[in-house]
Amino acid sequence: MARPPYEPYAESPSATFRWRLGVRPLDLDQWLEITDHRDAELAAKAQIMATHPHTAFAVLDDGIADESHEIADAVLAHLRSHHDPAITLDTSLHPLDAAARLVQEDLVVMVERNGRLVFGGGSVCFPNRWDLRSKLGMTMAEVHDPVSLLNEQLGDTVDAFLARLTPHRPVWRLGWGVLDTDELYQPTDGTAAPRPVDAPPAAHHLRVERETLRRFPATGCVLFTIHTHLTPLMDVIDSATSAVALADALDSMPTPIAEYKQLDRTGAAIADWLRHAATTR
């Protein structure tokens, strides 16, 4: 059993859940994470790219070549310095695809086009129930439009933050949800495995996404890295404090946000189970 590596639901207790930007300075030595799941997750990426390449990888028609080469060079340099000096890129692949196959993180790129920062593409093998290809060319506000209350609560803040982001001030943040599966591959285009039917609370998993945001100096693109950590709720209840904090966060979600996170039917039952299980183990 393993505790969640991050517990963002416990960081800002509130009577009512709100979307928060929650960025903090990033030490570039800690840019990319390497965990005990590295080999399994890289193998999963390779399999997903072999079976669902058009779901997991997409870029704008103009190719974002310059941005992708700049990102790939940075990923390679980081891994050579912090993991394996002999690691190489597969030059037969698109550079963004090649870079993403070396790391556990998904990679999403925002690029400057006609004076706007837009979704330029990405390699996303572990999406949390969204569709990569449908986001191409969108602004961040347009990307976030389906996310209930997010633009209302944070839209101007996100735009202002991205406008201020410089290559010298990378940041990281956390997001979280509770899912009824341990499958990392969760796109919405019909290629994901069927979801469980009426999964009990004990079969759910905490899904925490560690995101880093970094602007690159030569092209001005902004790279989001997304490292997804899954923890069975059976492990979360090993800590009563953590379990109760998660239960409180679930109970505090307004209905529109609970619906977006697909917890409107199950959230209350999961919260009750967390509290009960944490105090009876």
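The values are calculated or read from the model by the stated rules, or taken from the named source; none is laboratory data. Because the structure is predicted, anything quoted here is derived from the model rather than measured. In this analysis, Cβ positions are derived from the backbone assuming ideal geometry, glycine residues included, and neighbour counts consider all displayed protein chains.
Check Glu41, Glu105, Glu33, Glu7 and return the single one that is touching a helix residue (DSSP H, G or I) at 6+ places or on another chain (Cβ under 6 Å) and under 19 Å from Thr228 (Cβ atoms).
Glu7
Within the stretch 6-51, take every residue that is in a loop (DSSP other than H, G, I, E, B) and of a type in the set (Gly, Ala, Ser) and give me the one that is farthest from the chain's Cα centre (by Cα).
Per the criteria, the residue is Ala15.
Considering the stretch 62-84 alone, what residues qualify as being without any contact (Cβ under 8 Å) to a residue 40 or more places away in the chain, in a helix (DSSP H, G or I) and small (Gly, Ala, Ser)?
Once the filter is applied, which keeps residues that are without any contact (Cβ under 8 Å) to a residue 40 or more places away in the chain, in a helix (DSSP H, G or I) and small (Gly, Ala, Ser), the stretch 62-84 yields Ala65, Ala72, Ala77, Ser81.
Would you say Asp27 is out of contact with any Leu (no Cβ under 9 Å at 6 or more places or on another chain), under 17 Å from Arg215 (Cα atoms), among the charged types (D, E, K, R) and surrounded by 12 or more Cβ atoms within 10 Å (Cβ to Cβ)?
no
Give me the pairs: first residue in the stretch 85-107 and modelled with pLDDT of 95 or more and surrounded by 22 or more Cβ atoms within 10 Å (Cβ to Cβ), second residue in a loop (DSSP other than H, G, I, E, B) and of a type in the set (Ser, Thr, Tyr), beta-carbon distance under 8 Å, and six or more apart or on different chains, which are they?
Listed pairs, sorted by first residue: Gln104/Thr35.
Could you list, in sequence order, all residues of the stretch 168-202 that are small (Gly, Ala, Ser) and in contact with a helix residue (DSSP H, G or I) (Cβ under 8 Å, 6 or more places away or on another chain)?
Gly175, Ala202 - these are the residues of the stretch 168-202 that are small (Gly, Ala, Ser) and in contact with a helix residue (DSSP H, G or I) (Cβ under 8 Å, 6 or more places away or on another chain).
Go through the residues of the stretch 47-63 one by one and say whether even a single one is surrounded by 16 or more Cβ atoms within 10 Å (Cβ to Cβ), over 30 Å from Gly155 (Cβ atoms) and either touching a Lys or Arg at 6+ places or on another chain (Cβ under 9 Å) or among the hydroxyl-bearing types (Ser, Thr, Tyr) (or both).
yes
Residue by residue through the stretch 215-252, note down the ones that are over 26 Å from Leu132 (Cα atoms) and among the small types (Gly, Ala, Ser).
Scanning the stretch 215-252 gives Ser239, Ala240, Ser242, Ala243, Ala245, Ala247, Ala249, Ser252.
Of everything in the stretch 77-97, what is aliphatic (A, V, I, L, M) and under 19 Å from Thr212 (Cβ atoms)? Give them in sequence order.
Within the stretch 77-97, Ala77, Leu79, Leu96 meet the criteria.
When the residues of the stretch 64-78 are narrowed to those that are buried (at least 20 other Cβ atoms within 10 Å of the Cβ) and of a type in the set (A, V, I, L, M, F, W, C), which ends up farthest from Glu105 (Cα to Cα)?
Ile64
Among the listed residues Leu213, Leu132, Leu223, Leu174, which satisfies the condition of being within 30 Å of Ala277 (Cα to Cα), hydrophobic (A, V, I, L, M, F, W, C) and at pLDDT 95 or above?
Criteria check complete, one pass: Leu174.
To keep it simple, each residue is scored yes or no on (1) touching a helix residue (DSSP H, G or I) at 6+ places or on another chain (Cβ under 8 Å); (2) of a type in the set (A, V, I, L, M, F, W, C); (3) on the phi > 0 side of the Ramachandran plot.
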| residue | (1), (2), (3) |
| --- | --- |
| Cys221 | yes, yes, no |
| His227 | no, no, no |
| Leu230 | no, yes, no |
| Ile237 | yes, yes, no |
| Thr241 | yes, no, no |
| Ser252 | no, no, no |
| Arg265 | no, no, no |
| Leu274 | yes, yes, no |
| Ala278 | yes, yes, no |
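Failed condition for Asn151, given (1) crowded, with 19+ Cβ neighbours inside 10 Å; (2) in contact (Cβ under 8 Å) with a residue 24 or more places away in the chain, with all others met?
All conditions pass for Asn151, except number (2).
Being touching a residue at least 24 places away in the same chain (Cβ under 8 Å), more than 19 Å from the chain's Cα centre (by Cα) and farther than 30 Å from Asp29 by Cα narrows it down to one of Asp189, Asp238, so name that one.
Asp238
Scan the stretch 101-109 and tell me whether some residue there is aliphatic (A, V, I, L, M) and more than 30 Å from Tyr260 (Cα to Cα).
Taking every residue of the stretch 101-109 in turn, at least one turns out to be aliphatic (A, V, I, L, M) and more than 30 Å from Tyr260 (Cα to Cα).
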